[in-house]
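The values are calculated or read from the model by the stated rules, or taken from the named source; none is laboratory data. Remember, it's a predicted structure, so these values are computed and weren't measured experimentally. Note that each Cβ is placed from the backbone with ideal geometry, even for glycine, and that neighbours are counted across all protein chains shown.
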């Protein structure tokens, strides 16, 4: 066995107890104990689309590499991140993908390569994306999908892949159970009590023009710059923004862009 | 309709069992390339196809097999207990009369949908769960493909992984794959919730009477079909009596419930009288009365 004995013991312990875990904090902590022994520093599980309580892309659980994630957020890497964008397009019963394989098999933009390079410098040298298709209808169309990304100072191997895959599937199973239980208890108040995740918002009713304007606002542009780009007046842009804020009850533009980011791409 | 074949009724299914071994050869050896399982005369039979094995087969109206699965008690040698033993690092393979192992799952017709719109594996799984609950089985174990593991997360089942995911195959040009040993706890609540979730109301078990089982479009709730199987296991000497009942059901005139009810009742009366004349309390009458009541309801 190429996995060290101590790591193997931690994994075995986690796998025996994962079914009994009752909170997301405990799940994250326990999983971090098991994965850290394997060299994994960064875990994040995202529900890409699917079951009732998590209609959109939402972080389900994770143990983040703080320095990296701060750097990642500051530089708005979530907009370009090749891995998350790729994982969100998956709809199949796919196999796990190693980061290095992903880099060599895909045409990446300069920014996307830069993100991988910087992650490497922060100690996330190799990682894996485990797709978790969960529920399907009778025709085998997947109706619920999540994925787990894990990274750290690790070396790619079949055994590590299998172990991380199993850990990811088992942890997601427990997280799903916790979410559903909380949802059944209080469906209106969704997940706020359970996690830091803010309420889910249905943005599907945004008009085409609103989406166009908001996409630029999310990129960090001001109303005047957006007005210039789209060939309209600043007043029109502001009116659109105000309309969106009123419709969804956002107090500030900051709150709105945060929610939009979360729905558009995860962080 | 799902037919449950045990050592007690296998003599009534000899043709079907033959067909199953041929099909398994087609699916596992010719289709998936498992050369190790190649058998004589295109039969796929392994060391686990013993008297203890219980087969669940989905048969269509013409007795053609559409899919199937095998169940084995863990008190006899099983796959996890022998060939996959090394794959159970987290938990020892059990040896417990209430824990059974499933294996040799195959679906021949993936396009098939029942009248209620369900694929073959739905009916297979639910009849296995019904069988397990009826027979006091507390858990099922099995070696599952890694790609099917996430699907278990969507089911309200208590699952424990008995070992890590392992790569298998690859020797002698055999296919490679990944899988893990899994244990699923079974109880009546779990069956009820799963049925409600999948909107499965109907029963899918056939009477365990082989070629003589009643019209193919009829299925019976486990209380009826499994009770008959149970009865057959306890009283093999009464096989003829059960066949007689099946004959009544297969009768062309069995279109009306009234006829069937009367015919069964009349036969029961006759048997009861015969037994009374012979001077002992009749097994047939006592054993079948509740069964008859259930038939009447159908």
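Results, tabulated for the structure shown:
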| read-out | value |
| --- | --- |
| One residue from A:7, A:48 being surrounded by 21 or more Cβ atoms within 10 Å (Cβ to Cβ), within 14 Å of another protein chain (Cβ to nearest Cβ) and in contact with a helix residue (DSSP H, G or I) (Cβ under 9 Å, 6 or more places away or on another chain) | A:48 |
| Selection count where residues are more than 8 Å from every other protein chain (Cβ to nearest Cβ) and touching a helix residue (DSSP H, G or I) at 6+ places or on another chain (Cβ under 9 Å), scope the stretch A:146-162 | 9 |
| Residue that is nearest to the other protein chains (Cβ to nearest Cβ) [pool: residues in the stretch A:100-145 that are in contact (Cβ under 8 Å) with a residue 60 or more places away in the chain and closer than 28 Å to residue A:74 by Cβ] | A:127 |
| Residue in the stretch B:153-180 that is surrounded by the fewest Cβ atoms within 10 Å (Cβ to Cβ), counting only those that are within 7 Å of chain A (Cβ to nearest Cβ) and under 26 Å from residue B:33 (Cβ atoms) | B:167 |
| Among residues of the stretch B:112-121, those that are at the interface with another protein chain (Cβ under 8 Å from one of its Cβ atoms) and either at negative phi or in contact (Cβ under 8 Å) with a residue 60 or more places away in the chain (or both), counted | 3 |
| Failed condition for residue B:131, given (1) within 14 Å of chain A (Cβ to nearest Cβ); (2) surrounded by 18 or more Cβ atoms within 10 Å (Cβ to Cβ) | (1) |
| Checking residue B:191 against (1) more than 27 Å from residue B:82 (Cβ to Cβ); (2) surrounded by 18 or more Cβ atoms within 10 Å (Cβ to Cβ); (3) within 12 Å of chain A (Cβ to nearest Cβ), the condition it does not meet | (3) |
| Enumeration of residues in the stretch A:10-27 that are more than 9 Å from every other protein chain (Cβ to nearest Cβ) and either surrounded by 14 or more Cβ atoms within 10 Å (Cβ to Cβ) or in contact with a helix residue (DSSP H, G or I) (Cβ under 9 Å, 6 or more places away or on another chain) (or both) | A:10, A:13, A:14, A:17, A:20, A:21, A:22, A:23, A:24, A:26, A:27 |
| Sole exception among (1) surrounded by fewer than 18 Cβ atoms within 10 Å (Cβ to Cβ); (2) in contact with a strand residue (DSSP E or B) (Cβ under 8 Å, 6 or more places away or on another chain); (3) away from chain A (no Cβ under 14 Å) for residue B:145, by number | (3) |
| Matching residues, the stretch A:109-123, being under 18 Å from residue A:154 (Cβ atoms) and loosely packed, with under 12 Cβ neighbours inside 10 Å | A:117, A:121 |
| Hey, residue A:184 within 14 Å of another protein chain (Cβ to nearest Cβ), modelled with pLDDT under 80 and in a helix (DSSP H, G or I) or not | yes |
| Strands (runs of 3 or more DSSP E) wholly inside the stretch B:8-107 that include at least 3 residues being touching a residue at least 60 places away in the same chain (Cβ under 8 Å) | B:54-59, B:99-107 |
| Condition broken by residue B:117, with the remaining ones in (1) surrounded by fewer than 16 Cβ atoms within 10 Å (Cβ to Cβ); (2) touching a helix residue (DSSP H, G or I) at 6+ places or on another chain (Cβ under 9 Å) satisfied | (2) |
| Among (1) part of a helix (DSSP H, G or I); (2) surrounded by fewer than 18 Cβ atoms within 10 Å (Cβ to Cβ); (3) under 18 Å from the mean Cα position of the chain (by Cα); (4) within 14 Å of another protein chain (Cβ to nearest Cβ) - the single one residue A:91 does not satisfy | (1) |
| Yes/no for residue B:90 being surrounded by fewer than 22 Cβ atoms within 10 Å (Cβ to Cβ), within 14 Å of another protein chain (Cβ to nearest Cβ) and out of contact with any helix residue (DSSP H, G or I) (no Cβ under 6 Å at 6 or more places or on another chain) | no |
| Tally, over the stretch A:163-178, of residues that are more than 7 Å from chain B (Cβ to nearest Cβ) and over 16 Å from residue B:164 (Cα atoms) | 4 |
| Test: residue in the stretch B:63-75 that is surrounded by fewer than 17 Cβ atoms within 10 Å (Cβ to Cβ) and under 27 Å from residue B:109 (Cα atoms) | yes |
| Hits in the stretch B:26-43 - residues which are buried (at least 17 other Cβ atoms within 10 Å of the Cβ) and under 18 Å from residue B:58 (Cβ atoms) | B:27, B:28 |
| The lone exception for residue B:183 - which of (1) assigned to a helix (DSSP H, G or I); (2) out of contact with any helix residue (DSSP H, G or I) (no Cβ under 9 Å at 6 or more places or on another chain) it fails | (1) |
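Yes/no per residue for (1) assigned to a strand (DSSP E or B); (2) closer than 15 Å to residue A:150 by Cα; (3) in contact (Cβ under 8 Å) with a residue 24 or more places away in the chain:
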| site | (1), (2), (3) |
| --- | --- |
| A:13 | no, no, no |
| A:19 | no, no, yes |
| A:22 | no, no, yes |
| A:29 | no, yes, yes |
| A:33 | no, yes, no |
| A:41 | yes, yes, yes |
